[in-house]
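Novice: This is the structure I want to talk about, given as structure tokens.
The values are calculated or read from the model by the stated rules, or taken from the named source; none is laboratory data. Small disclaimer: the values here were computed from a predicted structure and weren't measured. Ideal geometry is used to build each Cβ from the backbone, glycine not excepted, and the neighbour counts take in all protein chains shown. Just so you know, the surface numbers come from the protein's heavy atoms only, side chains and all, with ligands and any DNA or RNA stripped out. Shrake-Rupley method; radii C 1.70, N 1.55, O 1.52, S 1.80 Å.
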Amino acid sequence: INAEYGDPPRENMPKPRTVVAVCGAGNSSHVIVAQLASTPGVEVRVFAPFQDEASRLRASDGIEVVNPDGTTIFGKPGLVSENPADVIPGSDLVLIPLPSFAHENVLDAIAPHVEPRACVGALPAQGGFQWKAPRAFERAGKRGVSVFGAACLPYNCRILEFGRKVRLFAEKSTAVATVPASKAAGVCDLLCRVLPPHGHWSRLGFTPTSHMMSVTLTPSNQAIHPARMFGMVTQHQAELWDENPLFYEGIDGFSVAQIRGVSEDIQAIVGRLCSATRIELEVPPIREFIQQAYSDQIGDGSTLQACIASNSGFAGIHSPMIPTVGGFKVDYSNRYFTEDVPNGLCTLKSIADLAGVRVPTIDKVIAWAQTKMGKEYVVDGSLVGVDVHECCIPQRYGICTLEQLMGQGGMHGTDNLVARL
């Protein structure tokens, strides 16, 4: 990050505005845009390349965020365009709060216009953002861009009226890692400055972590969404539900066991990577992760099931289902599948393969989910299916050894790592 962010302000000089570009216009973008626009000293722009989102945002007088305590904030972006050339040049910070499967197209679109001094990051960065972003900037001939990724999306929210109103259920703190890793503290300081807490209820915050692999392996959506759906669907005897179940509050013991199983698989990967490279990774087990992220929003922390079911930040969120004749059916085109399987569980499995670690629960959930999705990622336990090109796995980016995997995005250089392996 630039020295300007760390330098004390000069006396009698106006403080420069921080220009922030937000890519996309989804649920979280609505919250981020309004919060940025209501923060003094911040100029917010929106790059909205999908369908007619840019024109719909331009037609709006601004976005209202309904906070968890019923209070509201309001903000309007200074510029909205479907053309990255209008939005990205001059931006100090570029935020990409989009699903992992959208990262590469957005990165390719913005890369030619990004300033070398800028910071570009994904919220969240599961699915190997640290492999995608540097290659996009390299193809565009851009050097010096700081890349960062958040371990989880800091917001639970849903749009009530596109471009005008969004409901915020909860905010949470998240770890942030960077490439190069030495930039993490500076990036977190910048994020905390432009996105400060907006109420006593807020837990919004950004803390540095030392390696991007800690972000990639975080047991967030990729550990929760597919495993919960596996538990819900496999226990249900019919194709339809009379009502759309509450995804978190109604969670059962079998679903919790699947989530715990994915978390245990992740911990096995972490253990192997740490022992093989002697690089410390900060990846908590799932229960600890939820407690850290939500803390006082959890009514009962005695068990993992209780942590999930009693979490007020999860309250009122239904399952990915669509209404049909006779009830509700699962929407297998929902991002709980299209993002969290090929760009979540399959990413985890590919890393486990490089590390030589068995991941039985991850394997089981992928095998079930790919059938429901009409995809083939895994065949006979290996990521060799006809649809594996859709998966964000390190092997796609020429990363085929632990040396290559851990030599990027950490505090340790590759030369030192070679001696450890």
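Novice: Val80 - would you say it is in contact with a Leu (Cβ under 8 Å, 6 or more places away or on another chain), open to solvent by 10 Å² or more (accessible area, probe 1.4 Å) and over 17 Å from Asn156 (Cα atoms)?
Specialist: Spelling it out, Val80 is indeed in contact with a Leu (Cβ under 8 Å, 6 or more places away or on another chain), open to solvent by 10 Å² or more (accessible area, probe 1.4 Å) and over 17 Å from Asn156 (Cα atoms).
Novice: Hey, another quick one. Hey, any hits in segment 341-353 for a residue that's open to solvent by 20 Å² or more (accessible area, probe 1.4 Å), of a type in the set (Lys, Arg), out of contact with any Gly (no Cβ under 8 Å at 6 or more places or on another chain) and over 16 Å from Met232 (Cα atoms)?
Specialist: Of segment 341-353, the ones open to solvent by 20 Å² or more (accessible area, probe 1.4 Å) are 353.
Subset that is of a type in the set (Lys, Arg): none.
Scanning segment 341-353, I find no residue that is open to solvent by 20 Å² or more (accessible area, probe 1.4 Å), of a type in the set (Lys, Arg), out of contact with any Gly (no Cβ under 8 Å at 6 or more places or on another chain) and over 16 Å from Met232 (Cα atoms), so the answer is no.
Novice: Ala367 is checked against (1) closer than 14 Å to Met229 by Cβ; (2) crowded, with 19+ Cβ neighbours inside 10 Å; (3) of a type in the set (A, V, I, L, M, F, W, C) and fails just one. What number does that condition carry?
Specialist: Of (1) closer than 14 Å to Met229 by Cβ; (2) crowded, with 19+ Cβ neighbours inside 10 Å; (3) of a type in the set (A, V, I, L, M, F, W, C), only one is false for Ala367: (2).
Novice: Only one residue in Phe247, Phe230, Phe254, Phe206 is open to solvent by 60 Å² or more (accessible area, probe 1.4 Å), of a type in the set (Phe, Trp, Tyr) and either modelled with pLDDT of 95 or more or at positive phi (or both). Which one? Give the derivation first.
Specialist: Details: Phe247 fails: open to solvent by 60 Å² or more (accessible area, probe 1.4 Å); Phe230 fails: open to solvent by 60 Å² or more (accessible area, probe 1.4 Å); Phe206 fails: open to solvent by 60 Å² or more (accessible area, probe 1.4 Å).
One residue alone meets the criteria, Phe254.
Novice: Right, next: How many of the residues making up segment 133-150 are open to solvent by less than 10 Å² (accessible area, probe 1.4 Å) and either of a type in the set (A, V, I, L, M, F, W, C) or at pLDDT below 95 (or both)? Before the answer, list the steps.
Specialist: Initially, segment 133-150 is screened for residues open to solvent by less than 10 Å² (accessible area, probe 1.4 Å), giving 133, 136-137, 146-150.
Then keep just the ones that are either of a type in the set (A, V, I, L, M, F, W, C) or at pLDDT below 95 (or both); that gives 133, 136-137, 146-148, 150.
Result for segment 133-150: 7.
Novice: Could you tell me how many of the residues in segment 184-199 are under 25 Å from Phe169 (Cβ atoms), in contact (Cβ under 8 Å) with a residue 40 or more places away in the chain and open to solvent by 10 Å² or more (accessible area, probe 1.4 Å)?
Specialist: Residues meeting the conditions: 4.
Novice: Surrounded by fewer than 18 Cβ atoms within 10 Å (Cβ to Cβ), at pLDDT below 95 and touching a helix residue (DSSP H, G or I) at 6+ places or on another chain (Cβ under 7 Å): is that true of Phe74 in this structure? Explain how you work it out, then say what you get.
Specialist: Numbers: surrounded by fewer than 18 Cβ atoms within 10 Å (Cβ to Cβ): yes; at pLDDT below 95: no; touching a helix residue (DSSP H, G or I) at 6+ places or on another chain (Cβ under 7 Å): yes.
For Phe74, the condition - surrounded by fewer than 18 Cβ atoms within 10 Å (Cβ to Cβ), at pLDDT below 95 and touching a helix residue (DSSP H, G or I) at 6+ places or on another chain (Cβ under 7 Å) - is not met.
Novice: Going through segment 277-323 one residue at a time, which ones are polar (S, T, N, Q), open to solvent by less than 30 Å² (accessible area, probe 1.4 Å) and not in a helix (DSSP H, G or I)?
Specialist: Result: Asn311, Ser319.
Novice: Next question. Consider Ala34 carefully, then state whether it is in contact (Cβ under 8 Å) with a residue 12 or more places away in the chain, in a helix (DSSP H, G or I) and more than 21 Å from Arg203 (Cα to Cα). Can you show your working first?
Specialist: Numbers: in contact (Cβ under 8 Å) with a residue 12 or more places away in the chain: yes; in a helix (DSSP H, G or I): yes; more than 21 Å from Arg203 (Cα to Cα): no.
So Ala34 fails the test.
Novice: Okay, moving on. Could you check, for segment 320-331, whether at least one of its residues is under 27 Å from Glu390 (Cβ atoms) and touching a Pro at 6+ places or on another chain (Cβ under 6 Å)?
Specialist: Yes, segment 320-331 contains a residue that is under 27 Å from Glu390 (Cβ atoms) and touching a Pro at 6+ places or on another chain (Cβ under 6 Å).
Novice: Among the listed residues Leu153, Leu160, which satisfies the condition of being open to solvent by 10 Å² or more (accessible area, probe 1.4 Å), among the aliphatic types (A, V, I, L, M) and part of a loop (DSSP other than H, G, I, E, B)?
Specialist: Details: Leu160 fails: part of a loop (DSSP other than H, G, I, E, B).
Exactly one of Leu153, Leu160 is open to solvent by 10 Å² or more (accessible area, probe 1.4 Å), among the aliphatic types (A, V, I, L, M) and part of a loop (DSSP other than H, G, I, E, B), namely Leu153.
Novice: Then there is this: For residues that are closer than 19 Å to His198 by Cβ and hydrophobic (A, V, I, L, M, F, W, C), scanning just segment 47-71, find the one that is surrounded by the fewest Cβ atoms within 10 Å (Cβ to Cβ). Spell out how you get there, then give the answer.
Specialist: Let us first name the residues in segment 47-71 that are closer than 19 Å to His198 by Cβ, namely 62-71.
If we keep only those that are hydrophobic (A, V, I, L, M, F, W, C) as well, we get 63, 65-66.
Values: Ile63: 28, Val65: 24, Val66: 16.
Out of the qualifying residues, it is Val66.
Novice: Of all the residues that make up segment 83-98, how many are surrounded by fewer than 19 Cβ atoms within 10 Å (Cβ to Cβ) and either on the phi < 0 side of the Ramachandran plot or assigned to a helix (DSSP H, G or I) (or both)?
Specialist: The first filter runs over segment 83-98 and keeps only residues surrounded by fewer than 19 Cβ atoms within 10 Å (Cβ to Cβ), leaving 83, 85-86, 89-90.
Imposing the further condition that a residue be either on the phi < 0 side of the Ramachandran plot or assigned to a helix (DSSP H, G or I) (or both) reduces the set to 83, 85-86, 89.
The qualifying residues number 4.
Novice: Still on this structure, please answer the following. If a residue has to be in contact with a helix residue (DSSP H, G or I) (Cβ under 9 Å, 6 or more places away or on another chain) and in a loop (DSSP other than H, G, I, E, B) to count, how many in segment 117-133 make the cut?
Specialist: The number of residues fulfilling the criteria is 7.
Novice: I've got another one for you. Run Leu417 past the list (1) open to solvent by less than 10 Å² (accessible area, probe 1.4 Å); (2) at pLDDT 95 or above; (3) more than 22 Å from the chain's Cα centre (by Cα); (4) among the aliphatic types (A, V, I, L, M) and report the number of the one that doesn't hold.
Specialist: Just one mismatch for Leu417, condition (2).
Novice: Here is a further query. Which numbered condition trips up Val388, out of (1) open to solvent by 10 Å² or more (accessible area, probe 1.4 Å); (2) farther than 21 Å from Asn105 by Cβ; (3) touching a helix residue (DSSP H, G or I) at 6+ places or on another chain (Cβ under 9 Å)?
Specialist: It fails just one condition, (2).
Novice: Next up: Val106: closer than 27 Å to Ala59 by Cβ and in contact with a strand residue (DSSP E or B) (Cβ under 6 Å, 6 or more places away or on another chain), yes or no? Lay out the reasoning, then the answer.
Specialist: Values: closer than 27 Å to Ala59 by Cβ: yes; in contact with a strand residue (DSSP E or B) (Cβ under 6 Å, 6 or more places away or on another chain): yes.
Yes.
Novice: Could I ask something else about it? Evaluate the following for Ile266: is it open to solvent by less than 20 Å² (accessible area, probe 1.4 Å), β-branched (Val, Ile, Thr) and free of Cβ contacts under 8 Å to residues at least 40 places away in the same chain?
Specialist: Working: open to solvent by less than 20 Å² (accessible area, probe 1.4 Å): yes; β-branched (Val, Ile, Thr): yes; free of Cβ contacts under 8 Å to residues at least 40 places away in the same chain: no.
So Ile266 fails the test.
Novice: For segment 205-220, give me each residue that is of a type in the set (Gly, Ala, Ser) and within 19 Å of Pro180 (Cβ to Cβ). Quick ask: steps written out before the conclusion?
Specialist: Initial filter on segment 205-220 (of a type in the set (Gly, Ala, Ser)): 205, 210, 214, 220.
Within segment 205-220, Ser210, Ser214 qualify.
Novice: Might you check whether a residue that is modelled with pLDDT of 95 or more and assigned to a strand (DSSP E or B) occurs anywhere in segment 51-62?
Specialist: Step one: filter segment 51-62 for residues modelled with pLDDT of 95 or more, giving 52-62.
Restricting the remaining residues to those that are assigned to a strand (DSSP E or B) gives none.
The answer is no; no qualifying residue exists.
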